[in-house]
1. Report yes if some residue within the range 433-440 is surrounded by fewer than 16 Cβ atoms within 10 Å (Cβ to Cβ) and more than 22 Å from H462 (Cβ to Cβ); otherwise report no.
2. Tell me which of these R393 doesn't satisfy, since it passes every other one: (1) part of a strand (DSSP E or B); (2) open to solvent by less than 80 Å² (accessible area, probe 1.4 Å).
3. Can you tell me which residues in the range 329-361 are open to solvent by less than 80 Å² (accessible area, probe 1.4 Å), farther than 28 Å from V311 by Cα and either part of a loop (DSSP other than H, G, I, E, B) or of a type in the set (S, T, N, Q) (or both)?
4. Any idea which residue in the range 88-104 is farthest from the chain's Cα centre (by Cα), counting only those that are open to solvent by less than 80 Å² (accessible area, probe 1.4 Å) and at pLDDT 65 or above?
5. Going by the structure shown, is T372 farther than 20 Å from S403 by Cα and hydroxyl-bearing (S, T, Y)?
6. List every residue pair whose Cβ atoms lie under 8 Å apart, where the two residues are 6 or more positions apart in sequence or sit on different chains, the first residue falls within the range 190-205 and is under 22 Å from L218 (Cβ atoms), and the second residue, located anywhere, is in a loop (DSSP other than H, G, I, E, B) and polar (S, T, N, Q).
7. When you scan the range 294-322, how many residues do you find that are assigned to a strand (DSSP E or B) and either open to solvent by less than 40 Å² (accessible area, probe 1.4 Å) or of a type in the set (S, T, Y) (or both)?
8. For a quick check of your reading of the model, give me the residue pairs whose first member lies in the range 438-458 and is in contact (Cβ under 8 Å) with a residue 12 or more places away in the chain, whose second is among the polar types (S, T, N, Q) and open to solvent by 80 Å² or more (accessible area, probe 1.4 Å), with beta-carbon atoms closer than 8 Å and at least 6 apart or on different chains.
Amino acid sequence: MTVMTRLFGWFLACSVLVVSLLGSERESFAQGLGGMGMPGGGQPSPAKPAPNPKEPVTHAASGASDDTMRLGGSEPTLPANPLEISPEVQKQIGTDADRDIEKGRGPKTYRTIIPPYYSEKSGEYSFKTVFPVWVERKQPNDRASLFGGLYYNRRSTKYDADVLFPLVWNVRDDKSHTTVVGPFMHHHAPGEEDNWLAPFFFYGTGPQSSYLHIPPLLTFTRHSATGGFNWIGLLYYCAFQGYTSCSPSHTENVDYGLAPFFFAGKSERSRYEFVPPLLHYFNYSELDDSSTNVWGPLIWKHSADTDTFDVFPIFWHNWGKNKDNVTVFPLFHYGYEGNSSKLINPLFYWSRGEKGESTFATWGYARYRGRTTFDMVTPLYWHYTDPDIGLSRTVVLPFVYTSSSPRGYDTGVFPFFFHGKRYDLSETTWVTPFFQHTHDLEGWATNVYPFLFLGRTNESTHTVVAPIFWDFASPHSRSTVAFPLYWRFSDDTLGLPAARQHVLP
């Protein structure tokens, strides 16, 4: 139970003591209503019949009833409502406060009422009050008094209290002792102590932890055997684990700093530090054996297979097993990895690949030599070859395009002429965008856009002279229109006896 919980408990006891005590006595008073101040109120229990001297005497086991003896015993049974919760248990659910249970009552109760005086005595228990000036309750080794609703006094074996509400509290709970005088609080118990001067100062120690809070100085600390946290002002902070204090050399995990000048930390497999005024940053990870170290423009990096040194933004150098790269901006870059290498400068670009392929590019000229070849002269001339499929392609922007391969060829001078052929499959010729002639395995087509369209596809033909003449013919149908004077339609698939034709007028 925390100190604040105990303090709240004593405050609640002082506030409701009279009501709780009188309320508990009303029930006893109602049960003993046989006579005011007379003992033994309540109904007498019925007398048992006298035993028959001729019957044998039986002795039941401890706890057995007469009914059990007569029935020869019974099986254990559940209560009528096994989920029912007694009132005493319900009052205790949801709180860790100890209930103040009356003790020492006897079988008889004696009461005296001379308003505003009331007293009650039962065995070693007694209750007296001159309401609302004075209330006193006594029970074995326990006396509690309330004077004027402000001063509460109690003396008992485990609990003592002197409370002048709300300024002074002096409370003993078994082996713990709490004293409150205005904003000052002192609490001590075996192995723990708390001292407060609210809201300026809070300090406490316990078997496993301690704390110190000074809100006006923005200071908050918490220490335990396994870690803690320190925050002093808006500058210094430290959060740590695995030790009793903020010691970077002893803790397992720690983050600390002096904002905004210095930040650092470490864990089981990593550590870092950051110093903004010096433009310094350091990080190390044991998990992948990597590190970064920055001092202003100087940068060092290390990983399992690569090391780096940079002078930002002019010089970059990284190297590793069978690889190296150097850049001096904007003068040149050179690097290699395995059999490949690369050189870049303001005049040209050159590289060589793992399989011997090479690329060279400079102002107005570029070439590539590998499984395929490529050449570019100024941005206008482009030539590409793929020996594996016999392909050769040339572009002279923006007019000339040629391409040839074992499958066919294409030649174009845009927008005036284009000729393309797929050997033994098709051939197309364009003369300006208006004339087109194509023939393939299924037929041919000749078009003069947008007026004349002639062609054959297998056994079907079409002739169009737009917009006055249309003729479409197939082995089983034909449609002819000479607009607007003549049209003729025939279709054997419809079962028509003859063609239908019309001539106007």
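The values are calculated or read from the model by the stated rules, or taken from the named source; none is laboratory data. Quick caveat: nothing in here was measured; it's all calculated off a predicted structure. Glycine gets a Cβ as well: all are built from the backbone with ideal geometry, and neighbour counts include every protein chain shown. All accessible areas refer to the heavy atoms of the entire protein, side chains included, with ligands and DNA or RNA removed. Shrake-Rupley method; radii C 1.70, N 1.55, O 1.52, S 1.80 Å.
1. No; the residues of the range 433-440 include none that is surrounded by fewer than 16 Cβ atoms within 10 Å (Cβ to Cβ) and more than 22 Å from H462 (Cβ to Cβ).
2. With (1) part of a strand (DSSP E or B); (2) open to solvent by less than 80 Å² (accessible area, probe 1.4 Å) applied to R393, the lone miss is (2).
3. Correct list: G353, G356, E357, S358, T359.
4. G104
5. Criteria not met by T372.
6. Close Cβ pairs (under 8 Å, with a partner that is in a loop (DSSP other than H, G, I, E, B) and polar (S, T, N, Q)) do not exist here.
7. Matching residues across the range 294-322 total 6.
8. E442/N458; G443/N458
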